[in-house]
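> Please read through the structure below; I'll follow up with questions.
The values are calculated or read from the model by the stated rules, or taken from the named source; none is laboratory data. Since we're looking at a predicted model, the values are computed, not measured. Glycine also receives a Cβ, built like all others from the backbone with ideal geometry; neighbour counts cover every protein chain displayed. Heads up: the accessible areas ignore ligands, DNA and RNA and are worked out on the full protein's heavy atoms, side chains in. Shrake-Rupley method; radii C 1.70, N 1.55, O 1.52, S 1.80 Å.
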Amino acid sequence: MAHMAITVGFDLDMTLIDSRPGIRACYQELSARTGTYIDADLAVTRLGPPLAEELINWFPADEVATVADAYREIYPSIAIAATPALPGAREAIAAVREAGGRAIVVTAKYEPNAKLHLAHLGIEPDAVIGDLWAEQKAEALREHDADVYVGDHVGDVRGARTAGTLSVAVATGPCPAEELRAAGADVVLTGLTEFPGWFSDYRPARA
């Protein structure tokens, strides 16, 4: 029955894609253009929160909005081609689709750039919702009646729990498995390569 179809939400950065190479290159270019030092290698170890939360470490507060606009402007030409899918990303989306479910992406990333990443990689979710972080993600998860939310950050766990959605965490980002469990993740996987097997067991249990 249609109402039994499962909707699974996925985070983007460090869940579906390894965004570190592209983001590192963007920070290096931003540093060159502004003349402001940015430790790009450090910045990519703490991906997940909104861009402004990283920029405030390098720029005065009253410049962050303008610098963020500049970052987003250069992002497509620098970051998209440099960013690969993480292992298992395509297979995870396919597992949901093959079960008759819907796969959506809910991310803190600027939505137009999130869509460019997915199009470049040939990953086609049913919906892409950007510019939402942590508990804010619950808005989209509820709107789309998501049953499961998959992410790599404790902020993703908080978003899932706020929405009353099953939290599946993957230890492919900045947060180790122990931290994800402590934050309240219902399931912790080493990565999306484990998702299809978990999902095939979850579906009959849910039904």
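Condition check ((1) crowded, with 17+ Cβ neighbours inside 10 Å; (2) of a type in the set (D, E, K, R); (3) under 19 Å from residue 173 (Cα atoms); (4) touching a residue at least 60 places away in the same chain (Cβ under 8 Å)) across all residues:
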| position | (1), (2), (3), (4) |
| --- | --- |
| 16 | yes, no, yes, yes |
| 19 | yes, no, yes, yes |
| 24 | yes, yes, yes, no |
| 27 | yes, no, yes, no |
| 30 | yes, no, no, no |
| 39 | no, yes, yes, no |
| 49 | no, no, yes, yes |
| 57 | no, no, no, no |
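> Could I ask something else about it? With the checklist (1) open to solvent by less than 60 Å² (accessible area, probe 1.4 Å); (2) under 30 Å from residue 147 (Cα atoms); (3) of a type in the set (Ser, Thr, Tyr) in hand, flag the one item residue 45 doesn't pass.
It fails just one condition, (1).
> Would you mind stating whether residue 110 is open to solvent by less than 20 Å² (accessible area, probe 1.4 Å), hydroxyl-bearing (Ser, Thr, Tyr) and in contact (Cβ under 8 Å) with a residue 12 or more places away in the chain?
On the way: open to solvent by less than 20 Å² (accessible area, probe 1.4 Å): no; hydroxyl-bearing (Ser, Thr, Tyr): yes; in contact (Cβ under 8 Å) with a residue 12 or more places away in the chain: yes.
Considered against the rule, which asks whether it is open to solvent by less than 20 Å² (accessible area, probe 1.4 Å), hydroxyl-bearing (Ser, Thr, Tyr) and in contact (Cβ under 8 Å) with a residue 12 or more places away in the chain, residue 110 comes out as no.
> Among the residues of region 87-99, are any in a helix (DSSP H, G or I), among the acidic types (Asp, Glu), more than 30 Å from residue 202 (Cα to Cα) and free of Cβ contacts under 8 Å to residues at least 60 places away in the same chain? Give the steps one after another, and end with the answer.
Start the filter on region 87-99 by keeping residues that are in a helix (DSSP H, G or I), which leaves 89-98.
Subsequent filtering for residues that are among the acidic types (Asp, Glu) retains 91, 98.
Next, only the ones that are more than 30 Å from residue 202 (Cα to Cα) stay: none.
Scanning region 87-99 turns up no residue that is in a helix (DSSP H, G or I), among the acidic types (Asp, Glu), more than 30 Å from residue 202 (Cα to Cα) and free of Cβ contacts under 8 Å to residues at least 60 places away in the same chain.
> Moving on. Conditions first: (1) over 14 Å from the mean Cα position of the chain (by Cα); (2) loosely packed, with under 15 Cβ neighbours inside 10 Å; (3) within 25 Å of residue 179 (Cβ to Cβ). Residue 35 passes all but one, so which condition is the exception?
All conditions pass for residue 35, except number (3).
> OK, next. For region 194-207, enumerate the residues that are hydroxyl-bearing (Ser, Thr, Tyr) and either within 14 Å of residue 10 (Cα to Cα) or open to solvent by less than 50 Å² (accessible area, probe 1.4 Å) (or both). Write out each step before concluding.
The first filter runs over region 194-207 and keeps only residues hydroxyl-bearing (Ser, Thr, Tyr), leaving 200, 202.
Answer for region 194-207, where residues must be hydroxyl-bearing (Ser, Thr, Tyr) and either within 14 Å of residue 10 (Cα to Cα) or open to solvent by less than 50 Å² (accessible area, probe 1.4 Å) (or both): just 202.
> Can you name every one of the strands (runs of 3 or more DSSP E) wholly within region 118-182 that holds 2 or more residues which are free of Cβ contacts under 8 Å to residues at least 40 places away in the same chain and open to solvent by 30 Å² or more (accessible area, probe 1.4 Å)?
In region 118-182, no matching strands (runs of 3 or more DSSP E) lie anywhere.
> Counting only residues that are under 18 Å from residue 14 (Cβ atoms) and either in contact with a strand residue (DSSP E or B) (Cβ under 9 Å, 6 or more places away or on another chain) or among the acidic types (Asp, Glu) (or both), which one in region 61-87 is least open to solvent (accessible area, probe 1.4 Å)?
83
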